[in-house]
Amino acid sequence: MHRTTDIFQKLIGLLLFTAVSVDAFPARYGAAADDWKLGTEKDGIKVYTRKTEQSKMRTSRAEMFVPVSVDQILSVLNDFNSYGGWFPSCKDARILKRINDHEFMAILTYKTPWPLPNLDCVERVILDRKPGNDTSYIRVKAEPDYAPMVKDVSRVKQMEASWKLISVKGGTYVINEYYSDMGGLVPAWIGNTQAVEIPYNIFSGIKQRIIALFKKK
């Protein structure tokens, strides 16, 4: 039983997207108390969850401040070709098609623990950024039928994520919300137990990468 649970926990970790925050910013940037339940708050990181109408899987939300510009964060998040080198368990990531300067299709392939098949997710990524606006958005949605299925690889059927990047004094305040349903591959009760821990661990790593890439020499 422990081995099975461990496998599912690792699988959940391949797909959760979240972010990190500090307390120095106004409450208007944070999660509304009546919508979200705080799951953890440590080392400057907050992760929230809430129930979703789509399924029994919970939605995750987290927030962060990073002392770099919006442009620098976007350069990391949109560099899909580098994901395989730093994002946990990401075997391969690439752009399938650039629709225009603000929209593209991408596919990410994740290496899963044995005996599960590897997993991929075909995504439409849209950047909404207007000149003179302090806030930028990235919207991500799975489109599983856009690309042919790959042999011996399972595909994520439902996934939605949104990034909100707010330019503030000294850096950027980041908010991310994420929801995914892997079509029964992972039982909801196991997925929900990891809805806080895995985002915290993964995005601690993402935050450190951003700081390492752009810290002042």
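Read-outs: derived from the displayed coordinates by stated rules, not from any lab. Since the structure is predicted, the reported quantities are computational estimates derived from the model, not experimental observations.
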Notebook entry, point to check: In percent, what relative contact order does region 55-152 have, based on Cα pairs under 8 Å that are 6 or more apart in sequence?
Noted result: 16 percent
Check: What pairs in LYS46/LYS164; LYS91/LYS151; LYS97/LYS151; LYS51/LYS97; LYS91/LYS207 have C-alpha atoms more than 23 Å from each other?
Finding: LYS51/LYS97
